[in-house]
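J.: Okay, here's the structure, questions in a sec.
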């Protein structure tokens, strides 16, 4: 069993890559004071856009459209962020499902070499950490999540955060559709956006903690693959739920009392 687990870890790292990119994007947004519950819909839209265009650019564009809708409603109109995010998720789920059936999408060509995985686990966290804690724009973005009244234009930095998230989630959805699945399926985001929200809290809104939380999901995914290979007679659907159940149990058990950005969720 241990040998199977070790053999499954490389695959689990690849499988956790879309989650890690989504977590990084949601971390930036929440640092600016926004709770984007619609990140699940954004990820699903990105996967659909990538499958339709057979390109990462299509995934990023689709994620940007969803981010624009969410941003107009929450930043400009100042609608409730939780309600808006829920509405966005339902809209994207229904729209992508309808278009998928109408367009009868064919399987796009695969990426070939998966260059996204090493970038997601090594380069992206370094860039995000440097931006947030070592640049003036990052300082002001974090200030918009702590004390927006102290800034002349907090909306500007919240839009900047949404742009970051659209880029990262767009790549995540593209990886999910083109590298992991080689195509689109209805609701293929499978709750990764909601897991990302939990991982951000577990990581205490820090990049290193976010990477650690995603690694927990990856290890749980490796356990799922090992159990499938071991053929222990466990129902397939229970095995599919293993990474989510294990991750949520660990996150709930170790998170404890955390300090969120002061203005998080404030309109």
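Any read-out appearing in this document is the output of simple, stated calculations on the displayed coordinates, not a laboratory observation. Because the structure is a prediction, the values reported are computed rather than measured. Positions of Cβ are generated from backbone atoms using ideal geometry, with glycine treated the same way; all protein chains shown enter the neighbour counts.
J.: For the pair residue 259/residue 245, report the inter-label distance in nm, with labels modelled 7 Å from Cα in the Cβ direction.
T.: That separation, rounded to one decimal, is 3.7 nm.
J.: Using the number of other C-beta atoms within 10 angstrom as an exposure proxy, rank 117, 96 with the fewest first.
T.: 117, 96
J.: Between 0 and 90 degrees, rounded to the nearest ten: what's the tilt of helix 154-175 against the longest Cα principal axis of the chain?
T.: 10 degrees
J.: Let me ask something else. Using Cα atoms only, what is the angle between the long axis of helix 81-103 and the major principal axis of the chain, expressed in degrees (0 to 90) to the nearest 10?
T.: So the inclination is approximately 50 degrees.
J.: Okay, next question. Ordered by packing density, taken as the mean number of other Cβ atoms within 10 Å over each peptide's residues, highest first, how do 68-80, 25-37 rank? Walk me through the numbers before you get to the answer.
T.: Numbers: 68-80: 17.2, 25-37: 27.2.
Top of the packing list down: 25-37, 68-80.
J.: Can I ask one more? With an 8 Å cut-off on Cα pairs and a minimum separation of 6 or more residues, tell me the relative contact order of the chain in percent. List each step's numbers first, then the result.
T.: Numbers: 466 pairs, mean separation 98.9, N = 267.
The value is 37 percent.
J.: Then there's this: Using a Förster distance of 41 Å, how high is the FRET efficiency between residue 238 and residue 91, based on the Cβ-Cβ distance and rounded to 0.05? Could the numbers behind the result be given before it?
T.: On the way: r = 31 Å, r/R0 = 0.75.
It comes out at approximately 0.85.
J.: For segment 2-254, I need the span (max minus min coordinate) of the C-alpha atoms along each principal axis, in Å, sorted largest to smallest.
T.: 60, 44, 32
J.: Residues of segment 152-192 with amide nitrogen under 13 Å from the 7 Å Cα-to-Cβ point of residue 101?
T.: Zone members listed by number: 186-187.
J.: Report, to the nearest 10°, how far helix 39-53 tilts away from the longest principal axis of the Cα atoms in the chain, using its own Cα long axis and a range of 0 to 90°.
T.: For helix 39-53, the angle is close to 60 degrees.
J.: List 214, 22, 84 from most exposed to least, where exposure is judged by having the fewest other Cβ atoms within 10 Å.
T.: On the way: 214 29, 22 32, 84 21.
By the 10 Å Cβ count, ascending, the order reads 84, 214, 22.
J.: So between residue 76 and residue 122, what do we pick up on full extension, going 0.36 nm a residue minus the alpha carbon distance?
T.: On the way: separation 46, 0.36 × 46 = 16.56 nm, distance 3.46 nm.
Computed gain between residue 76 and residue 122 is 13.1 nm.
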